[in-house]
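Below: one structure, written as structure tokens.
The values are calculated or read from the model by the stated rules, or taken from the named source; none is laboratory data. Remember, predicted model here, so these are calculated numbers, not experimental data. Virtual Cβ from ideal backbone geometry, glycine too; neighbours counted across all protein chains shown. The area values use the complete protein model at the heavy-atom level, side chains included, leaving out ligands, DNA and RNA. Shrake-Rupley method; radii C 1.70, N 1.55, O 1.52, S 1.80 Å.
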Amino acid sequence: MASGSEVMSNKQVILKHFANGAPKESDMVVKTSSISLKVEPGSNAVVIKNLYLSCDPMMGNRMKNLGIPGLTYTVESPLEGFGVAKVVASGHPEFKKGDLVWGAVGWEEYSLIKNTQSLFKIHHTDVPLSYYTGILGMPGITAWAGFYELAAPKKGENVYISAASGAVGQLVGQFAKLMGCYVVGSAGSKEKVEILKNKFGFDDAFNYKEEQDLDAALKRCFPEGIDIYFENVGGKMLDAVLLNMRLHGRITACGMISQYNLSQPEGVHNMMNIVFKRIQMKGFFATDYFPEYAKFLDVVLPLIREGKVVYLEDIAEGLETAPAALVGLFTGHNVGKQVVAVSKE
């Protein structure tokens, strides 16, 4: 506690310097500053206490000196990401002290949020609060929008998902099974492959690290080809998928994690298949669909409550663990959605 009852010490994860290649723990440092728990009179800002922080692959890109306004982090400032929090002070008429929210927050114990448009009020607390970093947050919207809204699935179609055990992939696979599709996923370990088949109900799965020939692996799993590919990886995987897409197939791209830390991105050589097979390929951001959040909840909340979908989380305890948890995303250390628990209050 700092001097004065309205000022609190505030532990923060600071970007020490821009990352070169894959993010490292040494690119970040945990420091303690102070924050006022009061909101300036006439301000629409809120002060929040962060409960859970979401580790997302895009954060690694934001740690680099890309020179993209609004996307690149600022050196000597806290990282930012999605999180779940409790309002401790508010000057905004739509938020009051004690409200639970999720949205864009700082990687710190407390955050002053001036742009409250980035916050969603949490009304449903009969599910774990941490779910609002995943299945009921940005990754959930990504899975829902990319699969239902963009891929336009039909019963009986063949669906392939890369990075299938992650925050987004595990949901896409379960949505596809509920549609009556044939579903295959790839992941980076034997443990994750077993989880895909035994916990999430995928029809088949393979460890891409053990496959000498990705084209052959996909032909083995999809002898009749792929109708829908949910793209999380890019690079060599995308190249192999293009060889195995069916006529009028759809590729929904929400990320390409294999390319994030390369100084020179890999080329994709089989792009003519998009023409030959009349493939539709579209990229998107989850934020494109934030205005449809209520519609999303109407679909996904009942599935959770009825036990029709399950969600696997990998929770690291304490803000001090956040740098390691984030870096672990890029080596496949996490099993399921990587979350950092800052406070259980």
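Residue check: G332 meets all listed conditions (1) open to solvent by less than 50 Å² (accessible area, probe 1.4 Å); (2) at negative phi; (3) in contact with a Gly (Cβ under 7 Å, 6 or more places away or on another chain) but one, namely (2).
Against the test of being farther than 30 Å from R250 by Cβ, open to solvent by less than 30 Å² (accessible area, probe 1.4 Å) and of a type in the set (F, W, Y), the options W107, W144 yield a single qualifying residue, W107. For the stretch 294-320, the set of residues classified as part of a helix (DSSP H, G or I), surrounded by fewer than 17 Cβ atoms within 10 Å (Cβ to Cβ) and either β-branched (V, I, T) or in contact with a helix residue (DSSP H, G or I) (Cβ under 7 Å, 6 or more places away or on another chain) (or both) consists of V299 only.
Being surrounded by fewer than 19 Cβ atoms within 10 Å (Cβ to Cβ) and more than 21 Å from T287 (Cα to Cα) holds for only one residue in P23, P78, P41, and it is P41. When restricted to residues that are within 25 Å of K337 (Cα to Cα), outside any helix (DSSP H, G or I) and open to solvent by 30 Å² or more (accessible area, probe 1.4 Å), the stretch 190-232 contains 5.
Test K177 against the criterion of being assigned to a helix (DSSP H, G or I), touching a helix residue (DSSP H, G or I) at 6+ places or on another chain (Cβ under 9 Å) and of a type in the set (K, R), and give yes or no.
Criteria not met by K177.
In the stretch 97-124, the residues that are closer than 23 Å to I304 by Cβ reach residues that are assigned to a loop (DSSP other than H, G, I, E, B) and open to solvent by less than 10 Å² (accessible area, probe 1.4 Å) with C-beta atoms within less than 9 angstrom, at least six apart or across chains, in these pairs: W102/L136; W102/G137; G103/G137; F120/G137; I122/L136; H124/L136. Taken over the stretch 53-107, the residue count meeting the criterion of being within 20 Å of the chain's Cα centre (by Cα) and closer than 22 Å to E320 by Cα is 27. Only residues that are open to solvent by 10 Å² or more (accessible area, probe 1.4 Å) and of a type outside the set (K, R) were counted in the stretch 82-104, giving 13.
Residues of the stretch 241-273 being under 24 Å from T142 (Cβ atoms), assigned to a helix (DSSP H, G or I) and touching a helix residue (DSSP H, G or I) at 6+ places or on another chain (Cβ under 7 Å), which ones? Once the filter is applied, which keeps residues that are under 24 Å from T142 (Cβ atoms), assigned to a helix (DSSP H, G or I) and touching a helix residue (DSSP H, G or I) at 6+ places or on another chain (Cβ under 7 Å), the stretch 241-273 yields V241, L242, N244, S258, Q259. Residues in the stretch 256-265 include none that are open to solvent by less than 20 Å² (accessible area, probe 1.4 Å) and either of a type in the set (A, V, I, L, M) or assigned by TED's automatic domain parsing to the domain that holds V30 (or both). The lone criterion from (1) more than 18 Å from the chain's Cα centre (by Cα); (2) at pLDDT 95 or above; (3) closer than 21 Å to A164 by Cα left unmet by R305 is number (3). Among the residues making up the stretch 119-141, a single one is open to solvent by less than 10 Å² (accessible area, probe 1.4 Å) and aromatic (F, W, Y): Y132.
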